[in-house]
Amino acid sequence: MTKWISGAVGMVVIAVIANLGVSAQQNQMTFFITSAGPGNGANLGGLAGADKHCQTLAAAAGAGNRTWRAYLSAAAAAGQPAVNARDRIGKGPWMNVKGVVVAKSVADLHSDANNLGGETSLTEKGAPVPGNQHDILTGSQADGTLQTGDAPCGNWTSADTGGAMVGHHNKQGGGTAPTSWNAAHSSKGCSQQNLIATGGNGYFYCFAN
């Protein structure tokens, strides 16, 4: 009986230590791809809605103890200036849920030296994004500034009109710049169906600033 109790206690201790290890990794996470979008294509409820989605997913993963921002650009509107994704996310460094540093700074993030890719650009749950859903919404050019042309999907408030620049999280595929993580090509449209048709699913990047 004593041996059984000791063994059981030992297993509980090991499980607790393992859980603490996972929690520690999640608490240091400062970058992820959303494991799911809000569900209405690129209508994210504007930048504020996208930021809230990032915060909610981070909190559910045990990393809600910091301020999260969506990596999205928006055009000037209603008296407000244009917003560049690169200016929203802090200074870095940023690491994924496994503690792997994906970029050391804003400059590093927007250079060929970043450590983004299919094996490192993970969801907040630590899962890889399927290759057939690699289009990640950004509305940005390669340097992290606002895309040219129309506002990206009505500044993320419309699933009906326009389009948005997307990046390939795995740096593979087709498009104008297939190896770009943030500016590979424009989406076919802004609805959930159109995003899926061009290789996405309404996902976007979240960074803690």
Among (1) within 24 Å of TRP94 (Cβ to Cβ); (2) hydroxyl-bearing (Ser, Thr, Tyr); (3) in contact (Cβ under 8 Å) with a residue 60 or more places away in the chain; (4) assigned to a loop (DSSP other than H, G, I, E, B), where does SER158 come up short?
(1)
Cβ pairs under 7 Å, 6+ apart or interchain, first in the stretch 60-81 and closer than 24 Å to GLN28 by Cβ, second part of a loop (DSSP other than H, G, I, E, B) and open to solvent by 70 Å² or more (accessible area, probe 1.4 Å), ordered by first then second residue, are ALA61/LYS125; THR67/ASN209; ARG69/ASN209
Exactly one of (1) open to solvent by 60 Å² or more (accessible area, probe 1.4 Å); (2) over 23 Å from GLY173 (Cβ atoms) is unmet by ASN115. Its number?
(2)
Output the residues belonging to the stretch 56-91 that are in contact with a strand residue (DSSP E or B) (Cβ under 7 Å, 6 or more places away or on another chain), surrounded by 21 or more Cβ atoms within 10 Å (Cβ to Cβ) and in a loop (DSSP other than H, G, I, E, B).
TYR71, LEU72, SER73, ILE89
Of all residues in the stretch 184-194 being open to solvent by less than 10 Å² (accessible area, probe 1.4 Å) and touching a helix residue (DSSP H, G or I) at 6+ places or on another chain (Cβ under 9 Å), which is nearest to ARG88 (Cα to Cα)?
CYS190
Residue in the stretch 35-45 that is buried (at least 21 other Cβ atoms within 10 Å of the Cβ), on the phi > 0 side of the Ramachandran plot and either of a type in the set (S, T, N, Q) or at pLDDT 95 or above (or both) present
yes
Any residue that is polar (S, T, N, Q) and either in contact (Cβ under 8 Å) with a residue 60 or more places away in the chain or within 19 Å of CYS54 (Cβ to Cβ) (or both) - is there at least one of those in the stretch 95-104?
yes
Just to be sure before I move on: is GLY126 farther than 14 Å from GLY37 by Cβ, part of a loop (DSSP other than H, G, I, E, B) and at pLDDT below 95 in the structure I sent?
no
Some residue of the stretch 127-138 being in contact (Cβ under 8 Å) with a residue 60 or more places away in the chain and among the hydroxyl-bearing types (Ser, Thr, Tyr)
yes
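Could you please find all residues in the stretch 64-101 being small (Gly, Ala, Ser) and more than 14 Å from the chain's Cα centre (by Cα)? Quick ask: steps written out before the conclusion?
Of all residues in the stretch 64-101, those small (Gly, Ala, Ser) come to 64, 70, 73-79, 82, 85, 90, 92, 99.
Residues satisfying the conditions are GLY64, ALA74, ALA75, ALA76, ALA77, ALA78, GLY79, ALA82, GLY90, GLY92, GLY99.
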Which of the residues belonging to the stretch 165-183 are closer than 30 Å to GLY64 by Cβ, touching an Asp or Glu at 6+ places or on another chain (Cβ under 9 Å) and either among the aliphatic types (A, V, I, L, M) or open to solvent by 50 Å² or more (accessible area, probe 1.4 Å) (or both)?
VAL166, ALA183
Identify all residues within the stretch 129-146 that are crowded, with 20+ Cβ neighbours inside 10 Å and closer than 12 Å to ALA82 by Cα; write none if there are none.
GLY139, SER140, LEU146
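The values are calculated or read from the model by the stated rules, or taken from the named source; none is laboratory data. Remember, it's a predicted structure, so these values are computed and weren't measured experimentally. All Cβ positions, even for glycine, are placed from backbone atoms using ideal geometry, and neighbour counts span all protein chains on display. Keep in mind that these areas ignore ligands, DNA and RNA; they rest on the heavy atoms of the full protein, side chains included. Shrake-Rupley method; radii C 1.70, N 1.55, O 1.52, S 1.80 Å.
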